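Report on the structure given below.
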């Protein structure tokens, strides 16, 4: 009896436990099905589904002739997808062997929280083939774009550079930074579905990547090449610490070239000092010296308290202000208004500034745009430095009148000279002409902006005075044979913060001018920091200006208007059609201008001994041009690849052997012809930008 009761109790206890366990299981299932269903489904999808971002192709940057300056091209990158890797140690070891990486570092990436990781980006073709040959599960190649700059250092401070941050190309400097949103495009998304064993079943494109917009610049890569080459030559010749050259259209503000030294290779920033990335033309201000005298002179003329006929007593080379003696660089006596600028008299400029007064001079300085940003479309622009006149000392008006105690940037000084060149308008300098979408359609066109700040009467007088600077004054070395040139030299002492005074040995040398003086095509600023042993702007910067201006005039096909020195003239019969039958022995000479044809008349032309006609290289290959240059004794400086499309000296120019010849080549010469006819871009069949037909 007792045993039977005990068995029944045990059975009931067992049944109770089983029922309770079943109720707990059913309760748990009910809880999971009802309350945790969404979360469990999400976790399941997380294990069997993935969404991977696909990088977008960054937009291109092209010059005004549609030559590529920056583009993105496809490279293979090695990635791992850890759920599919069967043996991480083996995979890490094999990848390290092929890629030359530490297997331990690869293993750390594999064991990280992310399932998808890049092991190495932008590998070469041979490495990619060896990776494929490994045939490792979970290891693959993904094609992505890398930013390349086909012209190396050309226009580096304009273009800037990019870096990869979190799988995104980010603009660091220049246009790459300024137009980051326009250039970067929109990334795509790839949906990956796997089975229970995490094997990939399907891949679906959720959103295709959108190619970024392209920028068409005002920059002419030929002029940019000339500017950088001549700037670097001046750096070497005059032992300068740094320098800059800017070329701009005075009527519109279109920047045709902007060069700074030291420069950098935007495609390879490794070991590049951060200071080299700074665009000195917009990011550094300096005391301009005598180039700033155009502001003082303009203020006096505009206020009608000075005229071209005025004779100014320059005090035998010194003037006293608030008990301080300011000495001129030469002891001048009486000078006309034009002679004050031509001879760059400090005392003469100070006396003009005293006529204008502190409030008036400050007002005109601001009117010329100093002390404020020009709004050029480049990042990190400095506004310069100009103190309000209420804070000037007793000698400030004298110092500022001749370009000291004021900080300006190169682009500010350039556009101040452009006011004189264009008849009185302050322009906004700009680099980008238009923005196009990936189909070549116009997104935005930048229009010139300008406002009148001086009368045409004032600028006309100043143009004449600035021509005298070149013809008779401190800027003689800025002259270009056959053309009227105007401009102003500058030599400014640098302030030494340790001595707390101006240095007697360190200077900023500059020349800012335009050509032709009567109908200016361009204005150029050439500025060198701390040249040695020569440091005067007329000796250092003016000759660099002349060389750049000469080549830009030829590139823009500006006809000469002025006669050349009589001793270099000779009466000759014009040749029928042919080039000289014999090539003379090499001798260093200047490039001369082509002779105008005249029907059976004797003409006066520059025909020095041993001269001959420059051949036309258009349409020829680099090999053919090299062979021809070697035959006739020219020094070739090629740029680009493909067929020749442009050259300086131009065809038909009279030259001598040993003349330096620059020839531009392109692999798509038809593009230039189409551009001249249409001026717009359209997508080609392969997706690249081409001319709209």
Where the centre of each part is set by its Cα atoms, how far does the range 394-429 sit from the range 66-89, in angstrom? 51 Å
Gyration tensor verdict on the range 104-171 (Cα atoms; rounded if a/c is under 1.5, prolate if a/b is larger than b/c, oblate otherwise): oblate
A chain fully extended from residue 309 to residue 496 at 0.36 nm per residue, minus the present Cα-Cα distance, gains in nm 63.4 nm
Extension length gain for residue 206 and residue 73 (0.36 nm per residue less Cα distance), in nm, is 45.5 nm
Is the range 51-215 best put as rounded, prolate or oblate by its Cα gyration tensor, with a ≥ b ≥ c the root eigenvalues, rounded for a/c under 1.5, and otherwise prolate when a/b is larger than b/c, oblate when not? prolate
Would you mind pulling out the separation of the Cα centroids of the range 345-364 and the range 252-273, in Å? 37 Å
Testing the spin-label approximation: label points 7 Å from Cα along Cα→Cβ at residue 189 and residue 658. State their distance in nm. 6.9 nm
Label model pair residue 445, residue 8: point-to-point distance (7 angstrom along the Cα→beta-carbon line) in nm is 10.4 nm
At R0 = 30 Å, how high is the FRET efficiency between residue 556 and residue 503 if r is their beta carbon distance? Nearest 0.05 is fine. 0.15
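Please state the shape class of the range 482-571: rounded when a/c is under 1.5, otherwise prolate if a/b exceeds b/c and oblate if not, all from the C-alpha gyration tensor.
Prolate.
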For residue 382 and residue 117 in one chain, what is 0.36 nm times their gap in residues minus the Cα-Cα distance, to one decimal in nm? 91.3 nm
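If r is the Cβ-Cβ distance from residue 375 to residue 181 and R0 is 22 Å, what FRET efficiency results, to the nearest 0.05?
0.80
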Would you please put 383-390, 183-190, 157-164 in order of how densely packed they are, using the mean number of other Cβ atoms within 10 angstrom per residue and starting with the highest? 157-164, 183-190, 383-390
Cα-projected label distance for residue 618 with residue 19, points at 7 Å along beta-carbon direction, nm: 10.5 nm
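If packing is taken as the average number of other Cβ atoms within 10 Å across a peptide's residues, how do 420-426, 622-628 rank, most packed first? Write down the numbers at each step before the final one.
Details: 420-426: 23.1, 622-628: 14.3.
Packing proxy ranking, top to bottom: 420-426, 622-628.
Take 101, 24, 335, 69 and order them by how many other Cβ atoms sit within 10 Å, fewest up front.
On the way: 101 16, 24 10, 335 20, 69 23.
By the 10 Å Cβ count, ascending, the order reads 24, 101, 335, 69.
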For the range 486-524 versus the range 136-163, the gap between their alpha-carbon centres in whole angstrom: 38 Å
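Bear in mind that the values in this text are calculations on the coordinates, not laboratory data. All values derive from a computational prediction rather than experimental measurement. We place every Cβ from the backbone using ideal geometry, glycine too, and count neighbours over all the protein chains shown.
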